[in-house]
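Every number in this text was worked out from the coordinates using simple rules, so none of it is lab data. This is a predicted model, so every value here is computed, not measured. Neighbour counts are summed over all protein chains in view; Cβ atoms, including those assigned to glycine, are modelled from backbone coordinates with ideal geometry.
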Amino acid sequence: MPRIQIDGKPVEVPDGLNLIEAARLLNIEIPHYCYHSGLSVVGSCRMCQIELEFNGRKSIALGCNTLAADGMQITTTSDEIRSIRRAVLEFYLQHHPLDCPICDDAGECDLQNYYMEHGLHDSRVDLAEKKHKHKVIDVGPTVVLDSERCILCTRCVRFCREIVGKDQLGVYGHGSDAELMNVPGTKLDNDYAGNVVDLCPVGALTDKDFRFKRRVWYLKRTPSVCTGCSRGCNISIDWETSRSYKDSGRRIQRLKPRYNKMVNEWWICDRGRYSYHAVDAPNRLLMPISNAEEREHGVSINAILARAAAKIEAIIDQNGSASIAVLGSAHSSNEDLFMLKRLFADHLKVQNIDVNLPGEANGSEDQILMKADLAPNRRGAQAIGAVPWGGEGQNGEAILEGAREGEFEILIIVDHDLTQYLGEKALHKLRKHTGYILYLSSHSNGMSEIADDVLPLAMWAERAATYTNFQGRIQRTSQAFDPLGLATPEWKYWYELAAMLGCKCDYETPQEVFNAIGEHTESFKGLRWDDLGDQGLMLTDAPEPAYRKIQCPNPLPAY
Amino acid sequence: MSTKQALLLSRNFAKTKQAKIDVAMKHGAYSMLKKAMSMKPDEVTAIVKESGLRGHGGAGFSAGTKWGFIPKDKFPRYVCVNADESEPGTCKDRLILERDPHLLLEGALICAWAVRAERIYIYIRGEYFYPAKVMQQAVDDAMKAGFIGENIKNSGWSCSVHLHTGAGAYICGEETGLIESMEGKKGFPRLKPPFFPAAVGLWGQPTIVNNVETLAFVPRILEIGPDKFAALGTPRNGGTALYSLSGHVKKPGVYELPMGTKMKELIYEYGGGIRNGNKLKAVIPGGSSSHILTAEECEDLPLDFESVAARGSMLGSAAVIVIDDTVSIPQLMIWLTRFYAHESCGQCTPCREGTDWLVRLAHRFADGWGTRKDIDDMFELADSIDGKTICALGQAVAWPTKSYLQKYRHEFEALVK
Amino acid sequence: MQIPDSLKTKAEEIIFRYPEEHRVSALVPVLFEAQRQLGWIDNDVEKWAAEFTGASSTKVREVTTFYSMLRRQPVGKYLIQFCQNISCSLTGGLELQQHVQQKLGIGPGETTEDGLFTLKYVECLGGCSWAPMMLVNENQYFQLTIEKLDRILDGFKSGNPVPPDEPTPLLGNIAGES
């Protein structure tokens, strides 16, 4: 491990690290545009030049293309270095349009940031001399290009080639006429296209979904995990609630990837990136509904829970727990599933519990990030034991089959919209034979129409929770804002219901529930909420997978 | 004509049909290849090193040393002949390609033998239609004669030679830009390190990239011996060089002279002096990328790498452009910066943006609205490009620009509005 | 444009120069040859070159727009590439530029109405000692004067071209040896 000095501070760095990364260990940021930790090094922006003293020789070197070696002394802030940066910035800015007031990137633009730090010069270029290039170019279904703002760092080009393996962007022309563009006839339409917007250090590539929506300085950022598939990519939720008159109350403005070396590195897929629209969708369930009382709106959650408790108690007394079936969901968090299991399996001895239904919707899968299983927590449901048990317990398929034949007096369903699985005739039969259906869902759908009672669920951005991804990594989400209406996290319903049914637990918060999982569940043994950190922890019986660079199997070279 | 002339490389240029293999062989072509192949490859490299042969493409790097950089045990290896002659002022390789193509082929093959390469590519600039035609014919003939191909002269060594045409890009004369271009890409010079393509070159393999003239000297070195070759020039500058003389001399042309020939001798004795009875004003000694030298600075200047460098310029490709007192340096500045702005590949920010900016400023003086501040700005911009880029094109524009401004500032000031 | 068989044959010849796994190396020479035969490079040629060499369409476009000799629009029957660099400009190139513009009635980048000539000012063509120089299509002409320029242009106009300066004439201390 080389020992080096950066701005007089000694640091020992891992082998094979370049100076930009090494400086980061000391929280020193060497300015750069073209360099990105996840992409190949091209060294063309010339912003990361630093003073290097090595083997008795002084030189100006590139932070990105110089690997730390024992004995190096680096200066990142000398007058010469500052004047080099200033000059490079001025080159960038000579033709840069004065778009900042209308540019989405303003506020998080590296041209602006570095200008405030190193530039602060008056322009030496007449406005009339500014070169004009193409603006508002529709490069793909999700991204708009403004090539006048582009600084030709080629991060986006390299991302498409090296990570996605598709050659969808190129720099055409040479010299100062060079321009970023897509080949006419092709589109930037890969499943990861949104990442180029994150990569763009300036406002050249903007996201159609976010364009002109909010100034970034109004946004608040909450770390979370994508619940769009079983990978559980780490994300940040960028949200704003103070101006609800805009965009009909849209609270989440965008999702950004959050680095997690073992899960998603710097990237997320577009399926996940734009999945947040469901959170503020018009068909969110805001209130409990009681269809039994002719859709009497205004029924209280407590009234529904009391009714459910009474029915459950009566049926168990009458027919035993075999006439109850619980269809949980792999979209639920570990806490939800733990409480569900605790109440129904442990306390009420209901054996017909499952989260899996045959034919659940699958998405496309690739060898980069996307998983076919769209449920974020199937692994967690398995580990917690939200499964049929006791030898008699029926699995999801059997429960569905039995329900159709009127085998169950009470059906408790989370999330699954059975109207998508059963024909009209079967549904009719199920409805006729089942005494009581309690349905928990975040959105209204066919099932919320036919269930007796419906409870509204809070969604991932509205609550703190943990999910276990396909590898067995447990990761936390945080609550960005309050749930809509009376929507409530699932585990709380089970908690209340349990109390009514004589199973008193002492959990006030999801943190406490998780810590209880750590006490009671084998695969979570000893794990505590606070230990999960922002990168998650593996299930105790799941081995840490080997590191794999997130990229397609056949990357293309940078140029 | 001076008795000092030493026609070594160019001695067969004037022979009729020297491009034909039978004629060339009558004049000794390929005999040195045979000699080289009777030696161990390392011995050939050692001889070339000993001779003091330096790269005639511009950088003046020792050829033998370069060959020695090839890593052991990494195969296949390639030789690329840099025939992308495009440094303004330089026009010597054209003559070799057209008038003695077999000499170049022989030199390239000897190099390939020395580094155990299996393929030679001749990267020839797109504008050289006729030279490419001659060269292709020479390759075909040499193949028929068994100097190229499988198991050359029963040595067990096979080597093929191919032409690769460029399509108009000065930057492809930079050795890594040339390699990128050969790989079917834009000719973006590669980031250093790795510093030498000898380790990581064409298709990631060890590759020797040498200029046409450099390789053409190799058979001659074997012929007369490294000591005699070295003795022709000055210490550390072995042999002769093809000086491309252009501009305001009475007799422009390509002159083969010993390294270290005096500038005045080249201009006045060989070049016949300045045209139209005008006075010498300045000289660009090594292609447009070199610092301009004033008439006074040319006094007693020997044209070898060290001497020209000591006078604050560079010998480069030994392309001497002579400028008389009718020329305005601000006008020269336009031609110069326009060229580099046109040829900047666009990869590095300072060069891409800076060259374009310099052209705009250069035009201001000719157009009559330049200011004193513009002069300072130009100097500062050139300084901001100098050495701040991946390849040497940044320096190639910065150095002459700064020298024009330093040495002829009064001419710019005279044009200030 | 249709890709003629002659081009396909030539392209096969070119690609033979490179190892099979590096077909893409033939991209520039293949495009150059296509332009030689067809006059310019349109989208169809780009597409064909991409398929033939295995390059992506993006890469092909990067290449066709990077190299200054590759053109994506047609030119006249005779493309005049007139050197505007230092040595040529020092030795009368500027007057010749004026002259050729007047004679043909076109500016740089333009084509005469009869479609015969396109004029292009280019950077150094490597003929500095024989300056001023120009290329007309693939023919090199050195040591231009107004008189010689007229002869050359008239020759092309009348279908009776002046033979190019091939090989490049000998100057300097090399001349006279034989």
Segment A:500-552 and segment A:1-35 have their Cα centres apart by a whole-number Å value of 34 Å
Footprinting exposure proxy for A:Ile517, B:Ile152 (fewest neighbouring C-beta atoms within 10 Å first): B:Ile152, A:Ile517
What does the average come to when, for each residue of peptide A:179-189, you count the partner chain Cβ atoms lying within 10 Å of its Cβ? 3
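Hey, got the dipole for segment B:307-417? About the Cα centre, +1 on K and R Cβ, -1 on D and E Cβ, debye to the nearest 20? Can you show the working numbers first?
Values: 12 positive and 14 negative charges, 16 e Å.
Computed charge dipole of segment B:307-417: roughly 80 debye.
Could you work out the equivalent-ellipsoid semi-axes for segment B:85-196, taking the square root of 5 times each eigenvalue of the Cα gyration tensor, largest first, in whole Å? It would help to have the intermediate numbers written out before the result.
Numbers: eigenvalues 123, 70, 27 Å².
Taking √(5λ) for each eigenvalue gives 25, 19, 12 Å, largest first.
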Take segment A:327-444, drop everything but the C-alpha atoms, weight them equally and run the Debye formula without solvent; then report log10 I(q)/I(0) at 0.13 Å⁻¹ to two decimals. -0.52
Per q in 0.11, 0.12, 0.19 1/Å, what log10 I(q)/I(0) does a Debye calculation on the alpha-carbon atoms of segment C:91-178 return? -0.32, -0.38, -0.91
What is the Cα convex hull volume of segment A:96-278 when expressed per residue in Å³? 146 Å³
Note on chain B: the mean projected area of its alpha-carbon convex hull, in nm², is 19.3 nm²
Mind checking the angle between helix B:212-224 and chain B's longest principal axis? C-alpha axes, 0 to 90 degrees, to the nearest 10. 50 degrees
If one compares the long axis through the Cα atoms of helix B:393-407 with the longest principal axis of the Cα atoms of chain B, the angle in degrees, nearest 10, works out at 40 degrees
For segment B:21-228, which semi-axes, largest first and in whole Å, follow from the square roots of 5 times the eigenvalues of its Cα gyration tensor? 23, 20, 17
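Please compute one quarter of the surface area of the Cα convex hull for segment C:5-66 and express it in square nanometres. Mind dumping the intermediate values first?
Working: hull surface 15.0 nm².
The number I arrive at for segment C:5-66 is 3.7 nm².
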Classified through the alpha carbon gyration tensor (a ≥ b ≥ c as square roots of its eigenvalues; rounded if a/c is under 1.5, else prolate when a/b is larger than b/c, else oblate), segment A:150-192 comes out oblate
How would B:Glu87, C:Glu95 line up from fewest to most surrounding beta-carbon atoms within 10 angstrom? C:Glu95, B:Glu87
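Compute the Rg to Rh ratio over chain C from the alpha carbon atoms, using the Kirkwood formula for Rh, and round to two decimal places. Mind dumping the intermediate values first?
Numbers: Rg = 18.5 Å, Rh = 18.0 Å.
Radius of gyration relative to Kirkwood radius: 1.03.
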For the pairs B:Lys20/B:Lys133; B:Lys373/B:Lys402; A:Lys133/C:Lys120; A:Lys256/A:Lys525; B:Lys251/B:Lys407, note any where the Cα-Cα span goes beyond 21 Å. A:Lys133/C:Lys120; A:Lys256/A:Lys525; B:Lys251/B:Lys407
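As a test, work out the antiparallel percent of DSSP beta bridges whose residues both lie in segment B:240-324, rounded to the nearest 5. Write out the running numbers ahead of the final one.
Working: 14 of 18 bridges.
If I count the DSSP bridges inside segment B:240-324, around 80 percent turn out antiparallel.
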What's the FRET efficiency of A:Leu25 with B:His410 using the Cβ-Cβ distance as r and R₀ = 51 Å, to the nearest 0.05? 0.45
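Over 23 Å apart: what share of the alpha carbon pairs of segment B:240-324 falls there, rounded to a whole percent? Let's see the in-between values first.
Working: 261 of 3570 pairs.
Cα-Cα pairs in segment B:240-324 separated by more than 23 Å: 7 percent.
Which shape class applies to segment A:62-185: rounded if a/c is under 1.5, otherwise prolate when a/b exceeds b/c and oblate if not, where a ≥ b ≥ c are the square roots of the Cα gyration tensor eigenvalues?
Details: a/c = 2.10, a/b = 1.24, b/c = 1.70.
It is oblate, given that a/c is not under 1.5 and a/b is not larger than b/c.
How big is the equivalent ellipsoid of segment A:289-538 along its three axes, where each semi-axis is √(5λ) from the Cα gyration tensor, reported in whole Å from largest to smallest? Don't jump to the answer; show the numbers that get you there.
Working: eigenvalues 150, 84, 69 Å².
With the √(5λ) rule applied to segment A:289-538, the semi-axes are 27, 20, 19 Å.
Shielding by partners for C:7-20, please: the mean number of other protein chain Cβ atoms within 10 Å of each residue's Cβ. Intermediate results must be reported in sequence, preceding the final value.
Details: counts 0, 0, 0, 0, 0, 0, 0, 4, 0, 1, 7, 8, 3, 0.
What the average comes to for C:7-20 is 2.
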How far is helix B:349-367 tilted off the main Cα axis of chain B, in degrees rounded to 10, range 0 to 90? 50 degrees
Mind checking which lysines have their Cα closer than 20 Å to the Cα of A:Lys135? Skip sequence neighbours fewer than 8 apart in that chain. A:Lys187, A:Lys208, A:Lys213
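May I ask which of C:Lys8/C:Lys103; A:Lys246/A:Lys504; A:Lys58/B:Lys66; B:Lys66/B:Lys250; A:Lys549/C:Lys10 have a Cα-Cα span longer than 32 Å here? Spell out each step's value before the answer.
Details: C:Lys8/C:Lys103 39 Å; A:Lys246/A:Lys504 44 Å; A:Lys58/B:Lys66 25 Å; B:Lys66/B:Lys250 38 Å; A:Lys549/C:Lys10 42 Å.
Beyond 32 Å: C:Lys8/C:Lys103; A:Lys246/A:Lys504; B:Lys66/B:Lys250; A:Lys549/C:Lys10.
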Bins of 20 Å from zero: percent of alpha-carbon pairs in the protein assembly as shown: 11, 34, 28, 16, 10, 2, 0
Per GNM of chain B with C-alpha springs under 10 angstrom, the most fluctuating residue out of B:Asn151, B:Asn237, B:Asn82 is B:Asn151
State which helices in chain A qualify, where a helix is a whole DSSP H run, it must extend 20 Å or more along its own axis by its Cα atoms, and its mean Kyte-Doolittle hydropathy must be at least 0.0. A:301-319
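Assign one of three labels to segment A:3-77, namely rounded, prolate or oblate, based on the Cα gyration tensor with a ≥ b ≥ c the square roots of its eigenvalues; rounded applies when a/c is under 1.5, prolate when it is not and a/b is larger than b/c, and oblate otherwise. Display every interim value, and only then the final one.
Details: a/c = 1.60, a/b = 1.34, b/c = 1.20.
Because a/c hits 1.5 or more and a/b exceeds b/c, segment A:3-77 counts as prolate.
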Answer with one residue from B:Leu280, B:Leu53, A:Ala23: the one whose Cα lies farthest towards the positive end of the charge dipole of the protein assembly as shown, charges on Cβ with Lys, Arg +1 and Asp, Glu -1. B:Leu280
Rg over Rh [alpha-carbon atoms, Kirkwood Rh] for chain A: 1.05
Along the positive direction of the dipole of the protein assembly as shown (beta-carbon charges: Lys, Arg +1; Asp, Glu -1; about the Cα centre), which of A:Ile60, B:Gln205, C:Gly159 reaches farthest? C:Gly159
